[in-house]
Amino acid sequence: MFGRLQPPNGKKPSQSTEAAVIDIRNITKTYFMGEVTLQVLRGISLKIKRGEFVSIMGPSGSGKSTLMNILGALDQPTSGEYFLDGVDVSQMSESELARVRNRKIGFVFQNFNLLRRTEALRQVELPLIYAGVPNRAKRARAALEAVGLGQRLDHLPSELSGGQQQRVAIARALVTEPSVILADEPTGNLDSRSGTEVMQIFQRLNREKQITTVFVTHDPWIARHTNRVIMLRDGKVVADQRVKQPLIAGEAERPSEAEELQGIFEATYYGGKKEEYT
Amino acid sequence: MDFTETLRIAVDSLLINRLRSALTTLGIIIGVGAVIGLVSLGRAVEDFIAREFESLGANVLEVRSARPSSPTRIRIQPLTTLEAAALAKPSIISAVRQVANSYSLFGQVAGGGERTSVQINGVSSNYALVRAWPVEKGDFISPEQEESAARVAVLGLDVVEALYADRRFDPIGQTIRINQRTFTVIGVMSQRGGTFISEDNVVLVPLKTAQTRLDNARTADGGYRVTTIYVEVSSEEAIQQATTDITAYLSEAHGIVFDGEQDFSVTSPSDILGIINQVSSVLTVFLVLIASISLLVGGIGIMNIMLVSVTERTREIGLRKALGAQARDILAQFLVESVMLSLLGGLLGIGVGWLAAQFGMLLVPDLTITLSLDAVILATTISTMVGVFFGYYPAQRAARLRPIEALRFE
């Protein structure tokens, strides 16, 4: 029922000799709101190596979004160090951070964040425009082809399905050849079929191009498709484990809620007339 | 990021909100249109007045009695025919060509069963020539008629209308009574119009007739009083020197030692033109100031819309920053948007102003309204400045948004 994914190139993903793409050391983040201080991250250290496919999981309030923002150079930690590709990002200025986001990081958001009334090709060109590099159209076209949208270059978001929109967003994240792609609940707004499509693309990119990918999700089903799961709770890492047999998107079918929750119920209870529930 | 991309992003954003962009631009269109229209109209009026004066003889000086500006002299010594004769001598005014005189009084004119109260001008026979004011019908006063103080009259068009109820009536040979004395009409002057009051409401009679038959204008020195001496000089360039010469001669003749005690004035058409132009430019400036208020309102409209736009597009700004846009890229994008709005408004406003000027020309065919280049440059510059000035604050607000907060914005 569940498919299995071999680690890329048959290598084991966590080999300590390889240089880490992401290396954070004792990161904390505290928000000061008048009298109240809120410590969201309480000292997190972790390393993510090139070619890894990682999920960061945790319930609401665990600090996973804050950690994601720091990893994406959108926010700065209160203390601790963050080396991205060996460069310390934690002390950078606003302008330097913008450069890091542009060159080293590709974002994929839950709600796609595409510009309205803008053609797919133009959306994908956007990071290249800010990078000021030549051959933008050519590179954007290649990125869209890589996500299977080579025939949809001039389509507007309103003319694309949710899955296709998210694929445009992936192409946009991919086009600068970043060190890492950060995806925040990338399948959260999609139906299961589109979600599977998007997952397949992430897995293929990771497998074929060794693109380092970090997911932030609260969905265990999504996490099971990645190679490593880091669990956060109350601003701390409570578990960091390798997935024994990652699922291959499309081969496995997601269990229904009834199947997932099987065995926790004591008795069947109908609140109203029985007919209304069937 | 290169500028063409900034331009393209701004154009794309403006096109996404077409109606809003158009309405925002409207404020600037009206403001610039009003400024352009009013400046063009003001220029046209000035040109019109200048042309009118040109046709009235630009190289004629008018000398009149006037109250001295200094309180140290109260007596006004009248101008006389003898002084007028002296001013005609090249030894006194080197560039003089000829001198015409007039003696004015008010009188009752009766004729054609009507009576009217008008200005009677006794004039020398060269008056029509010097003032570039030809007769339309009949003849002007001849030197012989002037010499013999003949009882003949040349009517202005307004007087013809007042007496005979029709401007086209031919009154030549008619008998009229001026202050109970009988005159024969020998001619009608052509239409003269006038800048402030019509010069057509006048009856011209020989100078000597006015001085001796209608009045007793004899002076102690054996001459006669005159009201205005018209001194024609050879060219416009000679006016300055002639003014000095006339002032010097008459000051001596009137025994005036100190400046400001002169009991006469010497004016040239260009002086009057200057005064009118001054009045009209003050008026134009005033109107343009009022029009600028609408430009200000238009600018505030742009600022308002840009602020709304920044709030509305907070997520977009967050996304752009996440994709690597620098604060200056965002600043440039929004600033270019507001400048494009106001510049577009400015260019369209120039068109609207031009149309308004064309409409003004239809209403007043005498005016030639042209779109002056400096007004166009001014309008373009000002509308660009409006865009920068009113667009800067919203653009800066956009540039300063923090990416995570902007991305989280709903």
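Averaged over the residues of A:127-133, the number of partner chain Cβ atoms lying within 10 Å of the residue Cβ comes to 5. Here's the list of aspartates and glutamates a cross-link from B:K89 could span, going by alpha-carbon distance under 18 Å and ignoring same-chain residues fewer than 8 apart: B:E62, B:E232, B:D245, B:E252. Of the peptides B:254-262, B:326-334, B:358-366, B:340-348, the order by per-residue mean of other Cβ atoms within 10 Å, starting with the highest, comes out as B:340-348, B:326-334, B:254-262, B:358-366.
What angle do you read, to the nearest 10 degrees and between 0 and 90, between the alpha-carbon axis of helix B:373-400 and the longest principal axis of chain B? Rounded to the nearest ten degrees, it is 30. Look at where the Cα atoms of segment B:1-34 and of segment B:39-107 average out, and the two centres are 57 Å apart.
Look at the alpha carbon pairs under 8 Å that are at least 6 residues apart: their mean separation over the length of segment B:60-267 gives a relative contact order of 36 percent.
Listed highest first by mean packing, meaning other Cβ atoms within 10 Å per residue, what order do B:20-33, B:114-127 come in? Could you put the intermediate results ahead of the total?
Numbers: B:20-33: 22.6, B:114-127: 19.9.
Those peptides, ordered most packed to least, come out B:20-33, B:114-127.
Run the helix sum for the protein assembly as shown: -39,500 (n - 2.57) per DSSP H stretch of 4+ residues, divided by residue count, reported at 222 nm to the nearest 500 deg cm²/dmol.
After summing the helix terms and dividing by the residues of the protein assembly as shown, the value is -14000 deg cm²/dmol.
Angle of helix B:18-55 to the longest C-alpha principal axis of chain B, folded into 0 to 90 degrees and rounded to 10: 20°. Relative to the longest principal axis of the Cα atoms of chain B, the long axis of helix B:327-363 lies at roughly 30 degrees.
Return the average number of partner chain Cβ atoms within 10 angstrom of each residue Cβ along peptide B:323-336. Don't jump to the answer; show the numbers that get you there.
Details: counts 18, 18, 7, 8, 3, 2, 3, 1, 0, 0, 0, 0, 0, 0.
For this peptide, the per-residue mean of nearby foreign Cβ atoms is 4.
Ranked from highest to lowest mean number of other Cβ atoms within 10 Å per residue, what is the order of the peptides B:99-106, A:147-154? Spell out each step's value before the answer.
Details: B:99-106: 20.9, A:147-154: 16.1.
Top to bottom by mean Cβ count within 10 Å: B:99-106, A:147-154.
Here segment A:51-115 and segment A:28-50 have alpha carbon centers that stand 13 Å from each other.
Quick one: net charge around B:T25, please, counting Lys, Arg +1 and Asp, Glu -1 for every other residue with C-beta under 14 Å from its C-beta. Neighbourhood net charge equals +1. Note on segment B:304-324 and segment A:157-180: Cα centroid distance 20 Å, given to the nearest whole angstrom.
A full extension of the chain between B:R67 and B:I275 corresponds to an added length of 72.9 nm, given 0.36 nm per residue minus the alpha carbon distance. In the elastic network of chain A, a GNM with C-alpha springs shorter than 10 Å, the most mobile of A:S158, A:S192, A:S79 is A:S158.
Every number here is computed from the coordinates shown, using simple stated rules; none is lab data. Owing to the predicted nature of the structure, the values given are computational and were not obtained by experimental measurement. Cβ sites come from the backbone with ideal geometry, for glycine too, and all protein chains shown count toward neighbours.
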